[in-house]
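Heads up: the structure comes next, in structure tokens.
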Amino acid sequence: MLDWGRRQQTKAAVKVAIEEALDRFPESYSTELYQPKCQEVYQHVYQSYSEAGRCIYTTAG
């Protein structure tokens with residue numbers, strides 16, 4: 001499994017994918033809300049899945 005958390009190019013691609021997905025928010029969401037939400041989602045994904053084979057959801061419970 002790819003250890004994407006160590007590669008800058010891959011981290012950037014994950015960030016762009018998150019931004020593109022969240023860009024589908026209704027137009028009522030402002031830039032002031034959009035940017036922090038993108039960062040929060042990225043941080044969650046990074047902390048949860050950045051190491052090869054790691055997923056916090058399989059270790060919980």
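The values are calculated or read from the model by the stated rules, or taken from the named source; none is laboratory data. Quantities reported herein were computed from a predicted structural model and do not represent experimental measurements. Reconstructed Cβ throughout: ideal geometry from the backbone, glycine too, with neighbour counts over all protein chains shown.
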Of all residues in region 24-33, how many are at pLDDT below 75 and of a type in the set (Val, Ile, Thr)?
-> 0
Just for region 34-61: of the residues that are among the charged types (D, E, K, R) and in contact with a helix residue (DSSP H, G or I) (Cβ under 7 Å, 6 or more places away or on another chain), which one is modelled with the lowest pLDDT?
-> GLU51
Taking interchain pairs and intrachain pairs at least six residues apart, which have beta carbon atoms under 9 angstrom, with the first residue in region 38-61 and more than 15 Å from ALA12 (Cα to Cα) and of a type in the set (Ser, Thr, Tyr) and the second at pLDDT below 70 and assigned to a helix (DSSP H, G or I)?
-> SER48/ILE56; SER48/TYR57
